[in-house]
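Each value in this text was obtained by applying a stated rule to the coordinates, not by laboratory testing. Here the structure is a predicted model, which means the values were calculated and not measured. Every residue, glycine as well, gets a Cβ built from its backbone with ideal geometry; the counts of neighbours run over all protein chains shown.
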Amino acid sequence: MFKGNVKMAWAAIKSARWRSFLTMLGVIIGVVSVVTIVSLGEGVKRQVAGQINSIGDDIVTVLPGVSSQSTAGGLIGQGIATRGTQSLSDRDYAIVDQTEGAALTVPFSAVSGVPQVESRTYPEATIFGTNQDMAAVLQLKVEYGVFLSEADQNRQVAVIGKSVAEKLFQENVPIGRTLKIRDQDFLVRGVLEETKTSPLSTLPNYNQAILIPYPVAASLAGGNAPINQILTKPRDGVPPEQIRDAISQRLYFAHGKQNDVTILTQEDVLSANSDILSLLTQLITAVAAVSLLVGGIGIMNIMLVAVSERTGEIGIRKAIGATNSQILGQFLVEAVVLSLAGGILGVLLAIALNFVIRILTNLQPAVSLPVILISVGVSVLVGIVFGIAPAVKAARKHPIDALRQLS
Amino acid sequence: MALIQLNDVSKLYGLGDATTVALEEINLTIEKGEFVAVMGPSGCGKSTLMNLIGLLDQPTHGSYHLSGRSVAKLRTNQRAKVRRDKIGFIFQSFNLLPRLVVIENVALPLAYRGMTQTRRLKRASMLLAQVGLQDREYYLPKQLSGGQAQQVAIARALINNPEIIIADEPTGNLDSASSRVVMELLSEIHQNGNTVLMVTHNPELTRYATRVVYMHDGMIVHDEQKQIGKIPARARKIIFGQHQKTEEDDLAGVSALMKTIPGQDTIKKAVKKRRSRKPAKKHAVASRRGKK
């Protein structure tokens, strides 16, 4: 009987193709948006996690300032401090560096300025003052030339990213050439291997980076360059949490017993990221839920139309012995099939859309099976919830009145 | 025990001043194996009576016993099951489901009984063969002629081996040739021991009945048993409502003429000719009426 109902429902839906499609549209849009957004979020989460983990999962990050919520989870983009200091000093760097258990410590100091080669400029480039350990901590690889070394402390040398080489020098290996930053000449020492970038990542895009020694950056900035971020890698076997707490202690006393910095392990960074993403996902899911609601109302509407259109059919069925619950079942199944078809179409469309997104952007959405199953399940639920009222209406029709519609 | 027993059954429609009486204190007993033709002008309550007997509707007053059991206390679902298992409906406009093919239409009542598809299609195929339409199994209703559609409807009505066949003007939309096929089928069903109730406007069709019930304004005005093959005189009269000359009246005039004119043989032949033609003429009028 159920199989027969599904078959009949499908025939009924097919007999009014356009109407059925337009009715499904609400569900389709809802499912497409949910699946796309959730898989985008999932994909971004994975990409960020992959990128963060690629630099080593034991790195501890020190950032100036604390957000008004003291937990890392409340951060919307690190670096936006609502309280505390705006930057770190080289004294902070020294404190972090001397913390017990810290093996390699790297300062990040963004220097304002537009690099120039002859008459070409590259305003998108970010200039960082850093040290020789950066390559090891962030696991950056040099494709051509060498990275900064300890001996370079006070030399005007630079290691540049792939994009900088291409855009500024218009060649792949501009080693030995010079570029101008704030009218100072810098000798190019090395070119970094191309790195993958991902959206929403808090890490800078090293393809557009120009790395110079920190003391040089300080003198460029007039003696003291503010540090935006300090990264430290613990010695083997030392847990990052221990380093985090030790640094926190030391900076607390160094800053006159003030908690004015944020110190994060990679785990903290990840959870901050996923918090942002899940907030975003929840928001879009709410929008999608509204779309599904509208889709459901559409289904209810069309089912009511179908019930009054097919009153005669209901009469015939009742006359030959259909019980009320059998009529109810028939129309309920029809609503569910309609909604389920919308859900399946929506999932297919979302998968297609994800391929398009992968091709056109650097996002890598990941359509997961649970998301598909949940969407399909929700569309079935929509069919049941919004199909029940029309089905009850059909079931309650008086056979005589229903048959009368035929003649 | 009577198969169908109606005691003082009334059916009212509307409220207060607007109340109309569709049936007024009907008493009717139908035994198993009868072929009852119900005649009467439009709006006399024939169809309402059929709907009550067929459990599609409930009487306002009075009691209805089907096989000795009162149906008043049956719940909606139980009524549906009685309709499904004991009653077969045949409608004037066939009432096949347009989206289902012929065999599915025939098998539908079995589906409501929960029979598996293979078994019900097998049985439907058997019944289609019985009504002579086995080569039309996978046609859609719209691809059939009216007569064929009604044959399919009869197969559907028979599929559950019902005790009662209720036919509401089964030939009302058919030409005379198709009507004949349909009536022969109904007659065959009757001869197999089934009870048939048929509403008709066409006095010709009472030929197949064992009993004719005449209705007028919601009441049974006459009820007569008859032999199969005969058309009661009353049936001819009631169809046209007002008094009209019957064939007998015509013949009386002709016989008066015959007495005065010589060469009687030729005239007798003319009368014979007329006699055989006349019913056909009336038949045509009746079926046109039925279509309205």
Task: Proxy reagent accessibility, fewest Cβ within 10 Å first, across A:Phe355, A:Phe21 - done: A:Phe355, A:Phe21
Task: Globularity index of the stretch A:86-259, i.e. its alpha-carbon radius of gyration over 2.2 N^0.38 Å - done: 1.06
- [ ] Using packing as a proxy for protection, rank B:100-112, A:139-151 so that the peptide with the highest average count of other Cβ atoms within 10 Å comes first.
- [x] B:100-112, A:139-151
- [ ] Provide a whole-number value for the mean count of partner chain Cβ atoms within 10 Å of the Cβ atoms in peptide A:320-332.
- [x] 6
TODO: Name the long-range amide H neighbours of B:Asp223: under 5 Å, sequence gap of 5 or more, or other chain; modelled H, no Pro or chain starts.
DONE: B:Tyr214
Task: In order through the stretch A:49-64: 3J(HN,Hα) via Karplus (6.51 cos²θ - 1.76 cosθ + 1.60), integer Hz, x for Gly, Pro - done: 4, x, 5, 5, 5, 5, 8, x, 8, 10, 5, 10, 10, 10, 10, x
- [ ] Quote the FRET efficiency, to the nearest 0.05, computed for B:Asn192 versus B:Tyr13 with a Förster distance R0 of 51 Å and r equal to the Cβ-Cβ distance.
- [x] 0.90
Open item on the list: From the convex hull of the Cα coordinates of the stretch A:201-300, what is the mean projected area in square nanometres?
Closed with: 12.2
Task: Additional length obtainable on full extension of the chain from A:Ser54 to A:Arg396, 0.36 nm per residue less Cα span - done: 116.7 nm
Task: Above-threshold pairs, the threshold being 30 Å between Cα atoms, out of B:Lys73/B:Lys237; A:Lys7/B:Lys122; A:Lys393/B:Lys122; B:Lys46/B:Lys86; A:Lys397/B:Lys122 - done: B:Lys73/B:Lys237; A:Lys393/B:Lys122; A:Lys397/B:Lys122
TODO: Rounded to the nearest 500, what is the 222 nm mean residue ellipticity of chain A from helices alone, with -39500 (n - 2.57) per DSSP H run of 4+ residues and division by all residues?
DONE: -17500 deg cm²/dmol
Open item on the list: If every alpha-carbon in the protein assembly as shown counts as one equal scatterer, what log10 I(q)/I(0) does Debye give at q = 0.06, 0.07, 0.10 1/Å?
Closed with: -0.60, -0.67, -0.97
- [ ] Let me know the volume per residue of the alpha-carbon convex hull for the stretch A:262-407, in Å³.
- [x] 135
Task: Order of B:Arg211, A:Arg396 - criterion: other Cβ atoms within 10 Å of each residue's Cβ, fewest first - done: A:Arg396, B:Arg211
Open item on the list: Please give the Cα centre distance for the stretch B:162-198 versus the stretch B:1-53, rounded to the nearest Å.
Closed with: 20
TODO: First measure r as the distance between the Cβ atoms of A:Ala103 and A:Ser271, then evaluate 1/(1 + (r/R0)^6) with R0 = 22 Å and state the FRET efficiency to the nearest 0.05.
DONE: 0.35
- [ ] Note the full-extension length gain between A:Ile384 and A:Tyr144 as 0.36 nm times their separation in residues minus their Cα-Cα distance, in nm to one decimal.
- [x] 80.1 nm
TODO: Along each of the three principal axes of the Cα atoms of chain A, give the extent in whole Å, ordering the values from largest to smallest.
DONE: 100, 50, 34
Open item on the list: Using the Cα centre of the protein assembly as shown as origin and beta-carbon charges of +1 (Lys, Arg) and -1 (Asp, Glu), tell me which of B:His61, B:Met115, A:Ser20 is placed farthest towards the positive end of the dipole.
Closed with: B:His61
- [ ] Between beta-carbons, use under 12 Å as the cut-off and find the net charge around A:Ile299, counting Lys and Arg +1, Asp and Glu -1.
- [x] 0
TODO: Could you line up B:Arg119, A:Arg182 from fewest to most neighbouring Cβ atoms inside 10 Å?
DONE: B:Arg119, A:Arg182
Task: Along each principal axis, Cα extent of the stretch A:250-314, largest first, Å - done: 86, 19, 12
Task: Length-normalised contact order for the stretch A:86-259 - Cα pairs under 8 Å, 6+ apart - percent - done: 33
TODO: Express the relative contact order of the stretch A:339-384 as a whole percentage, based on alpha carbon pairs under 8 Å and six or more residues apart in sequence.
DONE: 57
